[in-house]
Amino acid sequence: DAKTTQPNSMESNEEEPVHLPCNHSTISGTDYIHWYRQLPSQGPEYVIHGLTSNVNNRMASLAIAEDRKSSTLILHRATLRDAAVYYCILRLFNNNDMRFGAGTRLTVKP
Amino acid sequence: NAGVTQTPKFQVLKTGQSMTLQCAQDMNHNSMYWYRQDPGMGLRLIYYSASEGTTDKGEVPNGYNVSRLNKREFSLRLESAAPSQTSVYFCASRRIRDRKETQYFGPGTRLLVL
């Protein structure tokens, strides 16, 4: 299975943009890039996903490198509520096996 | 909609005891999942059910059994609990729409096996 590499932790100031990187050099052409986040003491929640093109939604933006070997989750204005562990996950469409790594723990400072 | 609900929220067991973790979803999703999360780690898939009447093993199925009772409910059973099964257990269901798939997770069950 293609693996992802994320920094263990990152810090941000409140109301500043945050760029969370993810490396996936062995990604296959049919792997989608998914991002989930897990707030403290909660189950994970979907953030965004993409295949080749950059994607935007109300929560975040996903920037995907042209060679697809890396991607960046962008939170445009971090809030205290965005403090969570962010997981970058590769998966085939409709594949039931979703592999979570350790993720990036984001700390947001007031 | 309640989304994905799990019971109980907390449970303490002695080694060798059995218990069933309950999960239900009210979103009419076909696929449901059971994960475990150990401290400081990501989630690992135990079992999944792609549709009512089917179940399959995930990454770490040993020591567990599952039942897809109907489309709404998917239970996880520990027949003889071991301390290594101390973990937080998450149930999830999956929506697929327009080639976009999203998993929705429950709040988790915290299990301590002594």
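Quick notes
- Test item: A:36-45 mean partner chain Cβ contacts at 10 Å: 5
- Interface burial in the stretch A:70-110 reaches 20 Å² or more for A:TYR87, A:ARG91, A:PHE93, A:ASN94, A:ASN96, A:ASP97, A:MET98, A:ARG99, A:PHE100, A:ALA102, comparing the full protein assembly with the chain by itself; accessible area from heavy atoms with a 1.4 Å probe.
- Take B:MET19: with every protein chain present and a 1.4 Å probe, its accessible area is about 20 Å².
- Each residue was assigned an accessible area with a 1.4 Å probe, and for A:LEU51 the value is about 60 Å².
- Cα-based shape type of the stretch A:30-97, given that a ≥ b ≥ c are square roots of the gyration tensor eigenvalues and the cut on a/c is 1.5: oblate
- Prolate/oblate/rounded call for the stretch B:27-114, Cα gyration tensor, a/c under 1.5 rounded: prolate
- The lysine pair tally for the protein assembly as shown, using Cα distances under 26 Å and a gap of 8 or more places or different chains, is 10.
- Mean accessible surface per residue for the stretch A:1-50, computed with a 1.4 Å probe while every protein chain stays in place, in Å²: 50
- Where A:GLU66, A:GLU16, B:GLU101 fall by accessible area, highest first, once all protein chains stay in place (1.4 Å): A:GLU66, A:GLU16, B:GLU101
- Top positive-direction residue, dipole computed over the protein assembly as shown with Cβ charges, set A:PRO21, B:LEU21, A:GLY101: B:LEU21
- Accessible surface of A:THR79, taken over heavy atoms with a 1.4 Å probe and every protein chain present, rounds to 60 Å².
- Each of B:PHE10, B:PHE105 has its accessible area taken with a 1.4 Å probe; listed largest first, they run B:PHE10, B:PHE105.
- Where only alpha carbons of the protein assembly as shown are counted, the Rg and the Dmax (Å): 17.7, 53
- Placing +1 on each Lys and Arg Cβ and -1 on each Asp and Glu Cβ, with no other charges, gives chain B a dipole about its Cα centre of roughly 160 debye.
- Here the protein assembly as shown is treated with +1 on each Lys and Arg Cβ and -1 on each Asp and Glu Cβ, and its dipole about the Cα centre works out to around 380 debye.
- Accessible surface of chain B [probe 1.4 Å, protein heavy atoms]: carbon and sulfur percent: 48
The values are calculated or read from the model by the stated rules, or taken from the named source; none is laboratory data. All of these numbers come straight from a predicted model, not from anything done at the bench. Here Cβ is always computed from backbone atoms with ideal geometry, including for glycine, and neighbour counts include all displayed protein chains. The area values use the complete protein model at the heavy-atom level, side chains included, leaving out ligands, DNA and RNA. Shrake-Rupley method; radii C 1.70, N 1.55, O 1.52, S 1.80 Å.
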